[in-house]
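Scroll down for the structure; my scribbles are underneath it.
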Amino acid sequence: MKRNLCFILYFFFVHSFLFSQLSNTIKGRVTDNSNGSPIAYCSVFINSSSKGTITDAKGEFVLKNIPEGKFDLVISSIGYETYVYAYPGNQQPAEVNISLKQKATDLSVVTVVPFVKHGWQVWGKTFIENFIGQTANASDCSLKNYKALHFRFSKKQNRLIVSSDEPLIIENKALGYTIRYQLEEFYCDFSTHITLYLGYPLFREMSANKRKQARWEQQRRQAYYGSITHFMKCLYNDQLMKNGYQVIKAIKVANLEKQRVKELYKANAPVADTFQVQ
């Protein structure tokens with residue numbers, strides 16, 4: 001399965017629709033799991049949205065104008081494991097207390113594959129092509145803090161593994177967004193040709209004049225309509241035909257010419273000589 005950041009951008013437009021009815025507020029506190037001390041400047045945001053904040057010196061945060069419905073609240077801080085709080089829907093708790101676990105650093109959990117020296121120079125292009133993509137919009141994206149990336153390559157598995165010390169900051173000048181992406185996992189398997197990554201994006205709209213904003217809005221619509229996310233939304237709402245989609249059942253048809261040639265080859269294949277040993 002291969003997805004790039006352009007797919008995430010499409011997904012963001014669907015989530016934007018859910019933010020049309022805003023009313024709720026969430027308050028909370030984030031602490032260290034080992035000693036209970038507050039974690040300041042911790043990132044708290046709703047996955048694949050533009051709604052987020054950070055904790056104060058007491059580890060407390062407030063998120064206003066929260067949409068109705070189910071969503072994931074992502075809590076992350078450097079040196080801690082990312083925590084994802086799944087909100088159940090209409091019965092949203094007004095206050096939440098979150099404890100983060102520190103990332104393990106003991107040798108028993110450290111991979112034996114070392115970091116690649118000058119990893120960005122060696123594998124940076126491969127990472128960008130598989131993470132952000134190779135479309136026209138992707139060419140207008142730039143990774144601002146690429147030095148935070150660490151690259152490992154396993155010759156035995158023929159697999160590239162990428163991790164990051166901090167959230168990735170991507171500027172998408174084609175669609176007018178700055179994306180803060182909490183990268184949890186990335187690998188590119190060259191034997192199976194499978195690229196997979198897991199993470200949580202937070203979007204921020206770029207500021208510009210009205211003419212540029214209008215152009216961004218048009219390009220966002222073009223990126224969304226016809227995308228996989230648009231198709232899935234239409235399928236869920238039973239609006240495929242209304243939006244110009246046709247779903248046709250694939251029927252396997254036998255290749256009669258191929259079968260004829262194959263039988264002809266068998267009939268005319270030379271017979272191997274046999275020898276009798278005295």
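The values are calculated or read from the model by the stated rules, or taken from the named source; none is laboratory data. As the structure is a prediction and not an experimental result, all values here were calculated from the model. Note that we place each Cβ from the backbone using ideal geometry, even for glycine, and neighbour counts take in every protein chain shown. To get the accessible areas, we keep the full protein, side chains included, count just its heavy atoms, and leave off ligands, DNA and RNA. Shrake-Rupley method; radii C 1.70, N 1.55, O 1.52, S 1.80 Å.
Just a few scattered comments:
- Beta carbons closer than 7 Å, at least 6 apart along the sequence or on distinct chains, pair a first residue in the stretch 233-248 that is open to solvent by less than 60 Å² (accessible area, probe 1.4 Å) with a second that is part of a loop (DSSP other than H, G, I, E, B) for C234/L240; C234/N243; C234/Y245; L240/V247.
- When G226 is tested against the conditions (1) open to solvent by less than 100 Å² (accessible area, probe 1.4 Å); (2) touching a residue at least 24 places away in the same chain (Cβ under 8 Å), the lone failure is (2).
- Only residues that are open to solvent by less than 40 Å² (accessible area, probe 1.4 Å) and closer than 13 Å to V74 by Cβ were counted across the stretch 38-52, and they come to 9.
- Verdict on T192 being open to solvent by less than 20 Å² (accessible area, probe 1.4 Å) and among the β-branched types (V, I, T): no
Every residue, every condition in (1) assigned to a loop (DSSP other than H, G, I, E, B); (2) at pLDDT 95 or above; (3) closer than 24 Å to G199 by Cβ; (4) of a type in the set (A, V, I, L, M, F, W, C), yes or no:
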| position | (1), (2), (3), (4) |
| --- | --- |
| R29 | no, yes, no, no |
| N65 | no, no, no, no |
| Y85 | no, no, yes, no |
| A104 | yes, no, yes, yes |
| V112 | yes, no, no, yes |
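- Tally, over the stretch 131-152, of residues that are in a strand (DSSP E or B), among the hydrophobic types (A, V, I, L, M, F, W, C) and surrounded by fewer than 20 Cβ atoms within 10 Å (Cβ to Cβ): 0
- The criterion of at least 3 residues that are at pLDDT 85 or above and within 30 Å of E171 (Cα to Cα) is met, among helices (runs of 4 or more DSSP H) falling completely within the stretch 208-278, by 210-224, 228-236.
- Residue within the stretch 175-183 that is of a type in the set (D, E, K, R), touching a strand residue (DSSP E or B) at 6+ places or on another chain (Cβ under 9 Å) and over 20 Å from C42 (Cα atoms) present: no
- Some residue of the stretch 154-173 being farther than 29 Å from C42 by Cα, open to solvent by 20 Å² or more (accessible area, probe 1.4 Å) and within 20 Å of the chain's Cα centre (by Cα): yes
- Scanning the stretch 67-83 for residues that are open to solvent by less than 80 Å² (accessible area, probe 1.4 Å), at pLDDT below 95 and in a loop (DSSP other than H, G, I, E, B) turns up E68, G69, G79.
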